[in-house]
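Below is one structure; the comments refer to it alone.
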Amino acid sequence: MKNILIAFGLLFGLSVQAQSIDKKPITTTFWVAGVCGMCEQTIENAVDVPGVITADFVLASNQLTITYKPKKITEAQIHALLNEAGYDTEKSTCTAEQYKRVHGCCQYRELEKH
């Protein structure tokens, strides 16, 4: 009986530890299309949602570094938010309808950086 209680205690302890690991924020960096400062602001605003802790888009490299809580939002949802705002990412492409939402000076598929 004592061995069963010890085994249960160990399993419970590992379960609690695994749950606390899942709650840790994740930081990732990925490519997002963008050509100007207005794009930078729009991209950062698009991911300003519950579960996202920080987001920094660097226009020079088109890299978005984002820290988020995986219990509240997934990386796939983050890519979907960026697509909804009209921006392509390294993992997903926005639809033509979504792309129309991008301001005329930000039409990155037709323009070079400015």
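The values are calculated or read from the model by the stated rules, or taken from the named source; none is laboratory data. None of these values were measured; they are calculated from a predicted model. No Cβ is skipped: glycine too gets one built from the backbone with ideal geometry, and neighbour counts run over all protein chains shown.
Do we have ILE53 as within 20 Å of THR93 (Cα to Cα) and at pLDDT 95 or above here?
Values: within 20 Å of THR93 (Cα to Cα): no; at pLDDT 95 or above: yes.
No: the conditions fail for ILE53.
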Task: For VAL16: the one exception among (1) assigned to a loop (DSSP other than H, G, I, E, B); (2) of a type in the set (A, V, I, L, M, F, W, C); (3) at pLDDT below 55 - done: (1)
Open item on the list: Cβ contacts < 7 Å: first residue free of Cβ contacts under 8 Å to residues at least 24 places away in the same chain and surrounded by 13 or more Cβ atoms within 10 Å (Cβ to Cβ), restricted to the stretch 56-76; second residue assigned to a strand (DSSP E or B) and not basic (Lys, Arg), any location; separation 6+ or different chain. Result?
Closed with: ASP56/THR65
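Can you say whether GLY34 is at pLDDT 90 or above and not charged (D, E, K, R), as far as the supplied structure shows? Don't jump to the end; show me each part of the working.
Details: at pLDDT 90 or above: yes; not charged (D, E, K, R): yes.
Considered against the rule, which asks whether it is at pLDDT 90 or above and not charged (D, E, K, R), GLY34 comes out as yes.
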Open item on the list: Please count how many residues of the stretch 83-114 are of a type in the set (S, T, N, Q) and either touching a His at 6+ places or on another chain (Cβ under 8 Å) or modelled with pLDDT under 90 (or both).
Closed with: 2
- [ ] Within the stretch 56-104, work out how many residues are in a loop (DSSP other than H, G, I, E, B), of a type in the set (D, E, K, R) and within 9 Å of the chain's Cα centre (by Cα).
- [x] 0
